[in-house]
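The values are calculated or read from the model by the stated rules, or taken from the named source; none is laboratory data. Every value quoted in this text rests on a predicted model; they were computed, and no experiment measured them. As a convention, Cβ positions derive from the backbone with ideal geometry for all residues, glycine included, and neighbour counts pool all protein chains shown. SASA here: full protein model, heavy atoms, side chains in, ligands and nucleic acids out. Shrake-Rupley method; radii C 1.70, N 1.55, O 1.52, S 1.80 Å.
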Amino acid sequence: MSLIVENLSVSFGNQEILRDINLNLEQSEIIAILGPSGCGKTTLLRTISGLQEPNFGKISLQGEPIEHVTCEQRGIGMLFQKPVLFPFKDVLGNILFAYQRKEERNMDDVYSILKEMGLRGKEHQAIETLSGGEAQRVVLARALLTNPKLLLLDEPLSALDVDLRRKIAQEMRSTLKARGIPAIHVTHDPVEASIIGDRVIHWNELQPGGVDEE
Ligand SMILES: Nc1ncnc2c1ncn2[C@@H]1O[C@H](COP(=O)(O)OP(=O)(O)OP(=O)(O)O)[C@@H](O)[C@H]1O
Ligand SMILES: [Mg+2]
């Protein structure tokens, strides 16, 4: 198993958002989670990544418990709905943030990933001039260069039109599979979910009695 989540619960005040969630991911498995707005999908991803502390439950990654490992040390990549990029750096400058130190940079990897993401020739383009799809590709390229043990994708394609969203979902799947990176992809689009996921999980399967299905 690459990820095991056991009996995970998260409350905000007296409101229990995640109740007794159990979820397993096989090695290199990609799962897609579908669920209505407000049911707790982002909270689940934030808790797995270490941005949110659970009230209860166990999380292990590649066989190691990670509840007490800091967010930075978990080796988990996350993509959000809005691409998070440094506006004053160009495409290449943003991608190089994958490396903490200059000596770690592997420019062969950088250029091969730029090519794979269709960003070759755009290295010095300003972030504000990128299309929404290109901006998410930059974020994905940067995340992949960190060799994450797990990638969490929180509706990264939801701002794109439906054709582009599904096209990029297919590309993302191929890229993740080629690298053997397991991922959890959250979306509201059932077609996108079935394109990217080896399995599609509806929120109600994860949390029976939770917010009603879409
Ligand atoms: N830090 C917080 N403090 C208080 N309440 C929170 C906090 N974070 C999330 N919530 C609440 O938890 C619930 C679940 O939020 P979450 O963002 O996980 O939903 P979601 O499934 O990702 O929804 P969407 O599909 O709209 O992104 C919401 O009611 C939200 O207001
Ligand atoms: Mg969300």
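Worth pointing out:
- Listed by first and then second residue, the pairs linking a residue in the range 203-214 that is in a loop (DSSP other than H, G, I, E, B) to a residue that is at pLDDT 65 or above and of a type in the set (D, E, K, R), with Cβ atoms under 7 Å apart and 6 or more places separating them unless they lie on different chains, are Gln207/Arg19.
- Looking at the range 1-88, the strands (runs of 3 or more DSSP E) lying wholly inside it that each contain 3 or more residues that are surrounded by fewer than 16 Cβ atoms within 10 Å (Cβ to Cβ) and within 15 Å of ligand 1 (Cβ to nearest atom) sit at 3-12.
Residues are listed down the side, and each one gets a yes or a no for (1) modelled with pLDDT of 95 or more; (2) more than 12 Å from the chain's Cα centre (by Cα); (3) among the small types (Gly, Ala, Ser); (4) open to solvent by 10 Å² or more (accessible area, probe 1.4 Å):
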{"site": "Lys149", "(1), (2), (3), (4)": "yes, no, no, yes"}
{"site": "Leu152", "(1), (2), (3), (4)": "yes, no, no, no"}
{"site": "Asp161", "(1), (2), (3), (4)": "no, yes, no, yes"}
{"site": "His185", "(1), (2), (3), (4)": "yes, no, no, no"}
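- Filter result (part of a strand (DSSP E or B) and within 16 Å of ligand 1 (Cβ to nearest atom)) within the range 148-194: Leu152, Leu153, Asp154, Ile184, His185, Val186, Thr187
- Output for the range 174-202, where each listed residue is of a type in the set (S, T, N, Q) and under 14 Å from Pro156 (Cβ atoms): Thr175, Thr187
One line per residue, one yes/no per condition, for (1) among the β-branched types (Val, Ile, Thr); (2) outside the structural domain of Ser194 (by TED's automatic domain parsing); (3) modelled with pLDDT under 95:
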{"site": "Lys122", "(1), (2), (3)": "no, yes, no"}
{"site": "Ala126", "(1), (2), (3)": "no, yes, no"}
{"site": "Gly132", "(1), (2), (3)": "no, yes, yes"}
{"site": "Leu157", "(1), (2), (3)": "no, no, yes"}
{"site": "Leu164", "(1), (2), (3)": "no, no, yes"}
{"site": "Ile168", "(1), (2), (3)": "yes, no, yes"}
{"site": "Met172", "(1), (2), (3)": "no, no, yes"}
{"site": "Thr175", "(1), (2), (3)": "yes, no, yes"}
